[in-house]
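The values are calculated or read from the model by the stated rules, or taken from the named source; none is laboratory data. Bear in mind that the values here come from a model prediction, so they are computed numbers and not experimental data. Cβ coordinates were reconstructed from backbone atoms using ideal geometry, including for glycine residues, and neighbour counts include every protein chain displayed. Surface accessibility is based on the protein's heavy atoms, side chains included, excluding ligands, DNA and RNA. Shrake-Rupley method; radii C 1.70, N 1.55, O 1.52, S 1.80 Å.
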Amino acid sequence: MTVSFVEASEVPVRNTGAIKLHGEEGFEGMRKAGQLAAQALDLMVEHVQPGQTTEHLDKVAFEFAMDNGASPAPLYYRGFPKSICTSLNHVVCHGIPIDKPMREGDIVNIDITLVVDGWHGDSSRMYPVGEISRRAERLIDITWESLQRGIAAVKPGATTGDIGAAIQDYAESERTSVVRDFCGHGLGRLFHDVPNILHYGTAGTGVPLKPGMFFTIEPMINLGRPHVKVLADGWTAVTRDRSLSAQFEHSIAVTEDGAEIFTLSPGGFHKPPYV
Ligand code: MF3
Ligand code: CO
Ligand code: CO
């Protein structure tokens, strides 16, 4: 595998195959986009209720974007029909908001990507719908911790494989499984860029991390087996064994001494339950 790096400010806005290293302008742009996406996720807390629909959440997110001079990146992205992804229970990711009430005991991942001044802030969190089961709570906790372990592995000189290994080692030690079919991704002025950030793998392998790299970490963790299938709508990914699945996502940068998280909750909705 050959890996190359370029100064982000000196290349066109497209996936050239080289990994972009961003300077201060990129950090400023990503802080704004990341904070707005995180604020939108904060806003979802009061709207996730038994009886409420995911279509309602989509509408609230769309209006929040419009009111704040942002655009929802998923809308019409490769034909995706809505502004956000809402993935309930055994849906692993890319769930499409619909006009159907959520029920007490459901768990839902809301994934919001907002574009602000051309920069993409991409983040997702789990939300309990009313009271949830102990096993759902446990899965959410393990998935949240998996993301923290992944982020903790980020520093110059570490590799993308260190991130994946940290996540996989932890998730499997808790007898849960890591989804292989979707991964984190470089982002910035592009929504999905190189490198791929696998949530499993071997420490010391993959791409070396350098200051100024921007990417997401977004582990999907299942209570059952890791295998997924995509439904006939072409988007909705579900666990093959219909076991519960959870996900958290942050957009981050590699800094001189670790990571900067662009999408931390400004409202302090750090970890569910958000009370
Ligand atoms: N936000 C998702 C991610 O984390 C991508 C959603 S693409 C969509 O990369 F088209 F499904 F919305
Ligand atoms: Co993402
Ligand atoms: Co996302």
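Some points to look at:
- Our note on the geometry: Cα centres of region 201-275 and region 1-60, 13 Å apart.
- Charge tally in the Cβ shell below 12 Å around Ile151, where Lys, Arg are +1 and Asp, Glu are -1, Ile151 excluded: -3
- Calculated accessible area for the chain comes out at 43 Å² per residue, all protein chains present (probe 1.4 Å; ligands, DNA, RNA ignored).
- Value of [θ]222 nm, deg cm²/dmol, for the chain, DSSP H segments ≥ 4, -39500 (n - 2.57) each, nearest 500: -8500 deg cm²/dmol
- The simple Förster model, with R0 at 25 Å and r as the Cβ-Cβ distance, assigns Thr255 and Arg175 a FRET efficiency of 0.15.
- Protection proxy ranking of 5-15, 181-191, 129-139, 104-114, by the mean of other Cβ atoms within 10 Å over each peptide's residues and highest first, is 104-114, 181-191, 129-139, 5-15.
- Net charge, Phe5 excluded, C-beta distance under 13 Å - Lys, Arg +1, Asp, Glu -1: -1
- P(r) weight above 16 Å for region 55-174, C-alpha pairs, percent: 68 percent
- Each Lys or Arg adds one and each Asp or Glu takes one away; over the other residues whose Cβ falls under 14 Å from the Cβ of Arg189, this sums to -4.
- Peptide ranges 238-244, 89-95 listed from the most packed, as the mean C-beta count within 10 angstrom indicates: 89-95, 238-244
- From most to least packed by mean Cβ count within 10 Å, the peptides 22-28, 116-122, 163-169, 51-57 give 163-169, 116-122, 51-57, 22-28.
- log10 of Debye I(q)/I(0), alpha-carbon scatterers only, for the chain at 0.12 Å⁻¹: -0.68
- Mean-position separation - Cα centroids, region 104-122 and region 151-189, in angstrom: 19 Å
- The chain: antiparallel DSSP beta bridges as a percent of all, rounded to 5: 95 percent
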